[in-house]
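One structure is given here, and the rest of the page talks about it.
The values are calculated or read from the model by the stated rules, or taken from the named source; none is laboratory data. Since we're looking at a predicted model, the values are computed, not measured. We place every Cβ from the backbone using ideal geometry, glycine too, and count neighbours over all the protein chains shown.
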Amino acid sequence: MLKSLSFLIVLLAGIPAAAQTQNVVGATPTAYTLRPGDILQITVWGQPTYSGQFKIDETGRFQYPVLGEIDTSDKPLRQIRDELRTGLAEIFNRPFVTVNPQFNIAVLGEVRSPGLFTVDPTLTVLDIVAMAGGPSANGNMNKIRLMRAGQTMNLSFEADRVGARTLQDVGLQSGDQIMVPRRGFTGDDLRTLLSVISVGLSVAILLR
């Protein structure tokens, strides 16, 4: 019986992690394009009433004080900023305007504080995981997954160094979910398994 137990432990210790899909997101950095669901952080210096966060709706537009509906479709950030500056110039003398996009990204799985985060696209995947409290003891940072519209893709750290690249470069969008999976077989799992086997052996001995 002891020989069988030893063989079982060796066999379990050699079980590889669950097979992973091979899809990798964002092989080449792309120019930033605003999408529905993105949030624009607009700051008009000295004018808090005209500053704040504005969400782009499903039509690619957002509502802005006094100026009304602003269309962002197929427009670079510079053009949107210039449009705001031109409109505000009718109200203020030489307004200074900054426009910075932000994403809504969910971080789930084996992290300490999962949830929804509004983030700057210049942050990295590792930055976002850190915002969620970092990985748990069982989190597998080498097999982080991206979930979008029912599809799952792997973010391969080893192949493309995704961890050091920005969300914009990787190709993440508002509404995406970053999933930190559990390691395939951890030390905690092995200790639990050994405890169960030990109890089972004890019961077997008592019943003999």
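Do you know which of the residues in region 28-59 that are loosely packed, with under 15 Cβ neighbours inside 10 Å and of a type in the set (Gly, Ala, Ser) is modelled with the lowest pLDDT? Once the filter is applied, the top-ranked residue is Ala31. Answer with yes or no whether Ile144 is more than 23 Å from Asp120 (Cα to Cα) and either modelled with pLDDT of 60 or more or assigned by TED's automatic domain parsing to the domain that holds Val129 (or both). The answer is no for Ile144.
Scanning region 77-114 for residues that are free of Cβ contacts under 8 Å to residues at least 40 places away in the same chain, within 22 Å of Trp45 (Cβ to Cβ) and not acidic (Asp, Glu) yields Arg78, Gln79, Arg81, Arg85, Thr86, Gly87, Ala89, Ile91, Asn93, Arg94.
For Gly87, state whether it is within 30 Å of Gly184 (Cα to Cα), of a type in the set (Gly, Ala, Ser) and either surrounded by fewer than 19 Cβ atoms within 10 Å (Cβ to Cβ) or not assigned by TED's automatic domain parsing to the domain that holds Trp45 (or both). Spelling it out, it is not the case that Gly87 is within 30 Å of Gly184 (Cα to Cα), of a type in the set (Gly, Ala, Ser) and either surrounded by fewer than 19 Cβ atoms within 10 Å (Cβ to Cβ) or not assigned by TED's automatic domain parsing to the domain that holds Trp45 (or both). Checked against (1) within 30 Å of Arg145 (Cα to Cα); (2) exposed (fewer than 14 other Cβ atoms within 10 Å of the Cβ); (3) among the β-branched types (Val, Ile, Thr), Val111 passes all but condition (2). Taken over region 90-133, the criterion of being basic (Lys, Arg) and not assigned by TED's automatic domain parsing to the domain that holds Asp169 is satisfied by Arg94 alone. Among the criteria (1) of a type outside the set (A, V, I, L, M, F, W, C); (2) modelled with pLDDT of 60 or more; (3) surrounded by 16 or more Cβ atoms within 10 Å (Cβ to Cβ); (4) within 17 Å of Val107 (Cα to Cα), the one Asp169 does not fulfil is (4). If the condition is being within 10 Å of the chain's Cα centre (by Cα) and more than 20 Å from Gln41 (Cβ to Cβ), then region 115-143 contributes Val125, Leu126, Val129, Ala132.
Considering (1) within 21 Å of Pro121 (Cβ to Cβ); (2) modelled with pLDDT under 95, say which one Phe62 fails and leave the rest. (2) is the only condition that Phe62 fails. Hey, does region 181-204 have a residue that's modelled with pLDDT of 75 or more and either under 24 Å from Ile56 (Cα atoms) or not in a loop (DSSP other than H, G, I, E, B) (or both)? Taking every residue of region 181-204 in turn, at least one turns out to be modelled with pLDDT of 75 or more and either under 24 Å from Ile56 (Cα atoms) or not in a loop (DSSP other than H, G, I, E, B) (or both).
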